[in-house]
Amino acid sequence: MNILAPSILSADFAALGEDVKKAERAGARYLHIDVMDGAFVPSLSLGFPVIKSIRGLSELVFDVHLMICDPDRYIGEFAAAGADMITVHAEACPHLNRTIASIKEKGCKAGVALNPATPLTELSYILEDLDMVLLMTVNPGFGGQKYIESCTRKIRGLKRMISDRGLEIDIEVDGGIKLDNVQKVLDAGANVIVAGSAVFGGNVEKNVKDFLKVLEG
Ligand code: DX5
Ligand code: ZN
């Protein structure tokens, strides 16, 4: 099933609760929450208090994308704040199997993210343990960047790797996804679609509905 995951990084933070409710009312099922530490990526974004606040007003699946170094330090706190799924970057985790196990121990679904230039072989010995792989389609750190074209064949490669092993793992794509290129990533094999500026820049409800029309096509 194809799923839209609006990224609140591009929401109006002065009216965050309202923006989240708009996305939910329009039919979104996931909420993509980008956490940045100013070290793994150049920017800072948000943390536990914000996640806790919006947890109280939304039933959406909280899909938390950790762009932070050594995320093991905080897995318990993100789970307690209300994360349903936690995705960590392979590039940020020296002991990835342990990190994934600790996400699952906290009762959350576990994902691994790869930057655009990180090869799929990073997943060779961890794939079976994952619920989701997040392929970054821009270099992480900011919303509103341009989709990197070489990622399309990477999505295809991952799709093949997953089906060759007889697995069922979600493929999430994140960065530069708009209405005019979403069909391309779906065709390549992605099924969880992150969209930040394309959802929260402008009329949120209309944008969600327009995406869902393509996703549920
Ligand atoms: C970027 C974040 C994304 C970001 C995507 O580092 O991981 O989730 O919000 O924004 P858009 O959809 O505007 O490229
Ligand atoms: Zn993200």
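The values are calculated or read from the model by the stated rules, or taken from the named source; none is laboratory data. None of these values were measured; they are calculated from a predicted model. Glycine also receives a Cβ, built like all others from the backbone with ideal geometry; neighbour counts cover every protein chain displayed.
Looking at segment 4-14, can you tell me whether even one residue there is in contact with a His (Cβ under 6 Å, 6 or more places away or on another chain), of a type outside the set (Lys, Arg) and within 16 Å of ligand 2 (Cβ to nearest atom)?
First, pick out the residues of segment 4-14 that are in contact with a His (Cβ under 6 Å, 6 or more places away or on another chain): 5, 7.
So of that shortlist, the ones also of a type outside the set (Lys, Arg) come out as 5, 7.
Narrowing the set further to residues that are within 16 Å of ligand 2 (Cβ to nearest atom) leaves 5, 7.
Scanning segment 4-14 turns up at least one residue that is in contact with a His (Cβ under 6 Å, 6 or more places away or on another chain), of a type outside the set (Lys, Arg) and within 16 Å of ligand 2 (Cβ to nearest atom).
Taking the criterion of being under 20 Å from Cys93 (Cα atoms), crowded, with 16+ Cβ neighbours inside 10 Å and aliphatic (A, V, I, L, M), the residues of segment 3-45 that qualify are Ile33, Val35, Met36, Val41. Would it be correct to say that Gly143 is within 13 Å of ligand 2 (Cβ to nearest atom) and either more than 13 Å from the chain's Cα centre (by Cα) or modelled with pLDDT of 95 or more (or both)? So Gly143 fits the description; yes.
If you go through segment 31-51 one residue at a time, do you hit one that is assigned to a helix (DSSP H, G or I) and either within 16 Å of ligand 2 (Cβ to nearest atom) or hydroxyl-bearing (Ser, Thr, Tyr) (or both)? Steps first, please.
From segment 31-51, those assigned to a helix (DSSP H, G or I) are 48-51; that's our starting set.
This time we only want the ones that are either within 16 Å of ligand 2 (Cβ to nearest atom) or hydroxyl-bearing (Ser, Thr, Tyr) (or both), so: 50-51.
Among the residues of segment 31-51, at least one is assigned to a helix (DSSP H, G or I) and either within 16 Å of ligand 2 (Cβ to nearest atom) or hydroxyl-bearing (Ser, Thr, Tyr) (or both), which makes the answer yes.
Considering only segment 142-158, I want to know if a residue exists there that is touching a residue at least 40 places away in the same chain (Cβ under 8 Å), more than 10 Å from ligand 1 (Cβ to nearest atom), out of contact with any helix residue (DSSP H, G or I) (no Cβ under 6 Å at 6 or more places or on another chain) and of a type in the set (Asp, Glu). Checked against the condition, which is being touching a residue at least 40 places away in the same chain (Cβ under 8 Å), more than 10 Å from ligand 1 (Cβ to nearest atom), out of contact with any helix residue (DSSP H, G or I) (no Cβ under 6 Å at 6 or more places or on another chain) and of a type in the set (Asp, Glu), segment 142-158 yields no hits at all. Among the residues of segment 190-216 satisfying the criterion of being within 18 Å of Tyr30 (Cβ to Cβ) and in a loop (DSSP other than H, G, I, E, B), which is farthest from ligand 2 (Cβ to nearest atom)? The qualifying residue farthest from ligand 2 (Cβ to nearest atom) is Glu216. Can you find a residue in segment 63-82 that is farther than 20 Å from Phe142 by Cβ, buried (at least 17 other Cβ atoms within 10 Å of the Cβ), aliphatic (A, V, I, L, M) and within 16 Å of ligand 1 (Cβ to nearest atom)? Scanning segment 63-82, I find no residue that is farther than 20 Å from Phe142 by Cβ, buried (at least 17 other Cβ atoms within 10 Å of the Cβ), aliphatic (A, V, I, L, M) and within 16 Å of ligand 1 (Cβ to nearest atom), so the answer is no.
Report, by residue number, each residue of segment 127-160 that is among the aromatic types (Phe, Trp, Tyr) and within 18 Å of Lys184 (Cα to Cα). Answer for segment 127-160, where residues must be among the aromatic types (Phe, Trp, Tyr) and within 18 Å of Lys184 (Cα to Cα): just Tyr147.
When residues of segment 145-183 are filtered for being assigned to a helix (DSSP H, G or I) and surrounded by 12 or more Cβ atoms within 10 Å (Cβ to Cβ), how many remain?
Restricting attention to segment 145-183, the residues satisfying the condition of being assigned to a helix (DSSP H, G or I) are 151-164, 182-183.
Still in the running and surrounded by 12 or more Cβ atoms within 10 Å (Cβ to Cβ): 151-152, 154-163, 182-183.
Residues meeting the conditions: 14.
Considering every residue within segment 159-172, establish whether at least one is within 16 Å of Asn2 (Cα to Cα) and within 11 Å of ligand 1 (Cβ to nearest atom). There is at least one residue in segment 159-172 that is within 16 Å of Asn2 (Cα to Cα) and within 11 Å of ligand 1 (Cβ to nearest atom).
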